[in-house]
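Asks: Shown below is the structure under consideration.
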Amino acid sequence: MALVALGLTIVFGLLGFVNFAHGAIFTAGAYGGWVVYTKTDSFVLGIIAALATTFVLGIVIERLLIRSYYNRPPEDQILVTFGLAIVIVETIRAIFTGQTQMFNTPAWGNGVINVAGIFYPQYRLEVIGVVAVTLLAIYLLIYKTKIGLIVRAGIDDPLVVNLLGINVRRTFMFVFAMGAALAGLAGVFDSPLLAVNPDMGTDVLVQSFVVIVIGGVGSFGGAIVGGLIAGEIISLATAFIPDYSQALLYVAMALVLILRPQGLFGVVGRS
Amino acid sequence: MADSRRSFLTASLGAASALAASGLPFPRISLGADDTLFVGLLCDQTGSYSADGEDLQKGYELAIEELNAGTGVMGKVLGGKKGVLGKKIVYKIADTQTKPDPAVQRATEFITQDKATMFTGGVSTAEVIAMEKTAQANKVLFMTGASGSNDTTGKDCQRYAFRSQCDAYMVSKALAPVLAAKLGKKRRAVYLVPDYSYGHSLADSMKEFTEKEGWTTVAQVVAPFPTSDYSSYLTNIANANADTFVNIEFGNDGVSSTKQAAQFGVLKKMQLVVPNISTYFADGVGADIMAGVYGTLPWSFRLQDRYPMAKLFVENFTKKFGIRPRWTAQIAYDQIAIWADACYRAKSIASADVIKVLEEGHPIELSLGKVSYRAGDHQLVRPVPIVLGKKPEAMQGKDDFFEILEVVPGESVMQPLNLTGCTLPPV
């Protein structure tokens, strides 16, 4: 969940772009991974395939479509990416049919670990580890490297950065593709948990928007904390009042919007 | 980018409601001339039950093709007559998105704009019950798609709606004695239940009949519909001190919850029972998990060994689509056949006349043997196949997941009419 939300918030926060096709890219990642995983029986190759598929997909749609929409109002961005999502999902359906595909847990994820008396699947713990490493890597990339510096500078003042002889367009393309690849990564890691079919990304999109609203739009830490809070709310509510677990998530979102409209980690008046 | 967070939120909200409202109908041939009859098909092309909806749609397509040509099972049932009372059937397919609102919207368009003689479809009980009400309000016959809740022909029953799938009561009454015979009478069961009519209805019936056999229900965990992450629900299930896990979840939710249950080690500790196995459930979870699982399937291609019509249906379906039919396709096909047969008997296509004939309960031989509708609640009197998941090495073909243990006759498991809670409104 944090991965999906992070990809979304990177694109929105850094590029100021609302991407409603994020759920569809998540699905594309899952299918890219599934094709290679079932052919080669190697989950690692599946992960690489998912990353490659969605990174390339990100580059292609950024170049052909998204680029013209950066300076248009969010309504336009939502409409165009919403349409794009339909195209991606229906293309997947046309190629692979709507049938649910079998996506096994990789052998190294089979097993249950006893953590202080509570049984927890090994696979989920491993995924948490992967997510933590990925988040750290992205953080370092954006805040500690030259590329990150260019990205952040390019967002603040594209004109000046351009005048300095740096290709801002290419940087933006890279950021968008990275956001897409994060969705793809989440897609392939979620596949052993979910029913793999063309509509698998729909709920993911809605929930990641909730995560972003709770955490604060465009905030790196916000996406992570928002994801954790959303997860906690659902788990705790399920344990005590299961009937209201999903409703409570939206109650939490409403409370955040009322008490701190910019989100927990958002900055007031950020444009 | 000069827009505030507020405008982002407003716009997101707008897009979300656009998402909810978009219907995306897929128009097909519509001749509209006097020598044709229009039938509206409502299939779940997107949403949680879209795979089942795809199979349903194939069933309708084959049924109408063979009805117009006078071939296949249709040809046998109707003595080779083509179409219905000399009229060719034309149709449109609309996507219900596995949601009641779009389903009702599309059904209403079929009735008002296309002047549908009859409409049929739906895979979720929530959609089907909503469309039953549409049928009653507009006085147009509705032959339901897949719907397993007792309410469909119980408290929500309608004069203008007929349901062919076995209901939760039939499934449970047929399955419980087999479970007790195979697994023993001293089992402790925990339930995972999707939070809507179908889920509660099937869970309640299963509890009633397994408890009669001596089982104990130790816990019931309710999850919203739909859900994708079951971890918190499964933690409760894993800690429930049960030896049997009864999974009521259906469609994608059934697949996700079962895959995750395997990861949580629940399936190692507990025997899995899936009372109503959805169309592509086994494909999604795989044969390794499926092996040794007990449940019922409304229909399986394996029934071709018992019923000649099933054999013919499987042959022609496989010829047309290159894959074997699942049970949603069988429901689709048979509902069209039952309707066409009733039109011929009534010598009319008017819904009121057709309903009268259907209520007379003429047995008709289809891919589940002889079946007929019960007048009191419009439930099809039909057998319930009890199945056991095969070991991967015993499978013949990649869709041959199940061995049929028993076919329980419909008459013996029908819910007594006075208990259904059904009062049919007048014609």
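The values are calculated or read from the model by the stated rules, or taken from the named source; none is laboratory data. On a predicted model such as this, the values are computed, not experimentally measured, just so you know. Neighbour counts run over all protein chains shown; Cβ positions are idealised from the backbone, glycine included. We work out accessible area using only protein heavy atoms, side chains counted, and drop any ligands, DNA or RNA first. Shrake-Rupley method; radii C 1.70, N 1.55, O 1.52, S 1.80 Å.
Asks: For the condition assigned to a helix (DSSP H, G or I), within 14 Å of another protein chain (Cβ to nearest Cβ), open to solvent by less than 10 Å² (accessible area, probe 1.4 Å) and of a type in the set (Gly, Ala, Ser), what is the one hit in B:337, B:329? Write out each step before concluding.
Replies: Details: B:337 fails: within 14 Å of another protein chain (Cβ to nearest Cβ).
Result: B:329 is the single residue among B:337, B:329 that is assigned to a helix (DSSP H, G or I), within 14 Å of another protein chain (Cβ to nearest Cβ), open to solvent by less than 10 Å² (accessible area, probe 1.4 Å) and of a type in the set (Gly, Ala, Ser).
Asks: Something else about it: Residues to consider are B:114, B:101, B:52; find the one that is in a loop (DSSP other than H, G, I, E, B), among the acidic types (Asp, Glu) and in contact (Cβ under 8 Å) with a residue 40 or more places away in the chain. Talk me through it step by step, then tell me what you get.
Replies: Details: B:101 fails: in a loop (DSSP other than H, G, I, E, B); B:52 fails: in a loop (DSSP other than H, G, I, E, B).
That would be B:114, the only listed residue that is in a loop (DSSP other than H, G, I, E, B), among the acidic types (Asp, Glu) and in contact (Cβ under 8 Å) with a residue 40 or more places away in the chain.
Asks: Mind telling me which of the residues A:20, A:55 ends up being in contact (Cβ under 8 Å) with a residue 24 or more places away in the chain, touching a Ser or Thr at 6+ places or on another chain (Cβ under 8 Å), open to solvent by 10 Å² or more (accessible area, probe 1.4 Å) and of a type outside the set (Lys, Arg)? First the steps, then the outcome.
Replies: On the way: A:55 fails: touching a Ser or Thr at 6+ places or on another chain (Cβ under 8 Å).
Unique residue meeting the criteria: A:20.
Asks: Within the stretch A:80-101, which residues are under 19 Å from residue A:183 (Cβ atoms) and outside any helix (DSSP H, G or I)?
Replies: Listed by number, the list holds a single entry, A:101.
Asks: Which residues, counting only those in the stretch A:64-122, are more than 10 Å from chain B (Cβ to nearest Cβ), open to solvent by less than 70 Å² (accessible area, probe 1.4 Å) and under 30 Å from residue B:265 (Cβ atoms)?
Replies: Residue satisfying the conditions is A:106 alone.
Asks: Does residue A:245 satisfy being within 14 Å of chain B (Cβ to nearest Cβ), crowded, with 24+ Cβ neighbours inside 10 Å and within 25 Å of residue B:227 (Cα to Cα)?
Replies: On the way: within 14 Å of chain B (Cβ to nearest Cβ): yes; crowded, with 24+ Cβ neighbours inside 10 Å: no; within 25 Å of residue B:227 (Cα to Cα): yes.
In short, no.
Asks: Quick check on my filter: what residues within the stretch A:31-79 are among the aliphatic types (A, V, I, L, M) and not in a helix (DSSP H, G or I)?
Replies: Of all residues in the stretch A:31-79, those among the aliphatic types (A, V, I, L, M) come to A:35-36, A:44-45, A:47-52, A:56-57, A:59-61, A:64-66, A:78-79.
Across the stretch A:31-79, the qualifying residue is only A:65.
Asks: Hey, could you check the stretch B:38-63 for residues that are hydroxyl-bearing (Ser, Thr, Tyr) and more than 9 Å from every other protein chain (Cβ to nearest Cβ) and say which is surrounded by the fewest Cβ atoms within 10 Å (Cβ to Cβ)?
Replies: Narrowing the stretch B:38-63 to residues hydroxyl-bearing (Ser, Thr, Tyr): B:46, B:48-50, B:60.
Within this subset, residues satisfying the condition of being more than 9 Å from every other protein chain (Cβ to nearest Cβ) are B:49, B:60.
Working: B:49: 32, B:60: 25.
The selected residue is B:60.
Asks: Restricting the search to the stretch A:131-144, which residues are open to solvent by 50 Å² or more (accessible area, probe 1.4 Å) and either in contact with a Leu (Cβ under 8 Å, 6 or more places away or on another chain) or not charged (D, E, K, R) (or both)? Step through it out loud before you land on a result.
Replies: Going residue by residue through the stretch A:131-144, those that are open to solvent by 50 Å² or more (accessible area, probe 1.4 Å) are A:132-133, A:136-137, A:139-140, A:143-144.
A:132, A:133, A:136, A:137, A:139, A:140, A:143 - these are the residues of the stretch A:131-144 that are open to solvent by 50 Å² or more (accessible area, probe 1.4 Å) and either in contact with a Leu (Cβ under 8 Å, 6 or more places away or on another chain) or not charged (D, E, K, R) (or both).
Asks: Has the stretch A:178-189 got any residue that is within 11 Å of another protein chain (Cβ to nearest Cβ), under 20 Å from residue A:228 (Cα atoms) and in contact (Cβ under 8 Å) with a residue 24 or more places away in the chain? Please lay out each step first, then the result.
Replies: Pass one, the stretch A:178-189, residues within 11 Å of another protein chain (Cβ to nearest Cβ): none.
No, the stretch A:178-189 contains no residue that is within 11 Å of another protein chain (Cβ to nearest Cβ), under 20 Å from residue A:228 (Cα atoms) and in contact (Cβ under 8 Å) with a residue 24 or more places away in the chain.
Asks: Counting only residues that are closer than 17 Å to residue B:239 by Cβ and modelled with pLDDT of 85 or more, how many does the stretch A:235-256 have?
Replies: Of the residues in that region, 0 qualify.
Asks: What residue, among those in the stretch B:233-246 that are of a type outside the set (A, V, I, L, M) and open to solvent by 10 Å² or more (accessible area, probe 1.4 Å), is modelled with the highest pLDDT?
Replies: Applying the first criterion (of a type outside the set (A, V, I, L, M)) to the stretch B:233-246 yields B:233, B:235-236, B:239, B:241, B:243-245.
Checking which are open to solvent by 10 Å² or more (accessible area, probe 1.4 Å) leaves us with B:235-236, B:239, B:241, B:243.
On the way: B:235: 87, B:236: 88, B:239: 87, B:241: 92, B:243: 96.
Per the stated criteria, the residue is B:243.
Asks: If a residue must be more than 8 Å from chain A (Cβ to nearest Cβ), among the β-branched types (Val, Ile, Thr) and part of a helix (DSSP H, G or I), how many such residues does the stretch B:208-260 contain?
Replies: 3
Asks: Suppose we filter the stretch B:247-295 for residues that are acidic (Asp, Glu) and open to solvent by 10 Å² or more (accessible area, probe 1.4 Å); how many remain?
Replies: Step one: of the stretch B:247-295, the residues acidic (Asp, Glu) are B:249, B:253, B:283, B:288.
The next check asks that each one be open to solvent by 10 Å² or more (accessible area, probe 1.4 Å); those that pass are B:283, B:288.
Selection size over the stretch B:247-295: 2.
Asks: When you scan the stretch A:222-240, do you find a residue that is facing chain B (nearest Cβ under 8 Å) and β-branched (Val, Ile, Thr), even just one?
Replies: Among the residues of the stretch A:222-240, at least one is facing chain B (nearest Cβ under 8 Å) and β-branched (Val, Ile, Thr), which makes the answer yes.
Asks: Another one. Identify, please: which residue in the stretch B:177-200 is free of Cβ contacts under 8 Å to residues at least 60 places away in the same chain and crowded, with 23+ Cβ neighbours inside 10 Å and is, among those, farthest from residue B:153 (Cα to Cα)? Write out each step before concluding.
Replies: Of all residues in the stretch B:177-200, those free of Cβ contacts under 8 Å to residues at least 60 places away in the same chain come to B:177, B:180-181, B:184-186, B:188, B:191, B:193-195, B:199-200.
Keeping just the survivors that are crowded, with 23+ Cβ neighbours inside 10 Å gives B:191, B:193-194, B:199.
Values: B:191: 24, B:193: 21, B:194: 20, B:199: 15 Å.
Checked the stretch B:177-200; the qualifying residue farthest from residue B:153 (Cα to Cα) is B:191.
Asks: Take the residues of the stretch B:66-98 that are part of a helix (DSSP H, G or I) and free of Cβ contacts under 8 Å to residues at least 40 places away in the same chain: which is least open to solvent (accessible area, probe 1.4 Å)? Show your work before the answer.
Replies: Quick first cut of the stretch B:66-98, residues part of a helix (DSSP H, G or I) only: B:66-69, B:72-77.
From the residues that got through so far, the ones that are free of Cβ contacts under 8 Å to residues at least 40 places away in the same chain too are B:68-69, B:75.
On the way: B:68: 39, B:69: 46, B:75: 11 Å².
This residue is B:75.
Asks: Taking interchain pairs and intrachain pairs at least six residues apart, which have beta carbon atoms under 6 angstrom, with the first residue in the stretch A:121-134 and in a helix (DSSP H, G or I) and the second at pLDDT 85 or above?
Replies: Short answer, once both residue conditions are applied: A:123/A:105; A:123/B:263; A:127/A:189.
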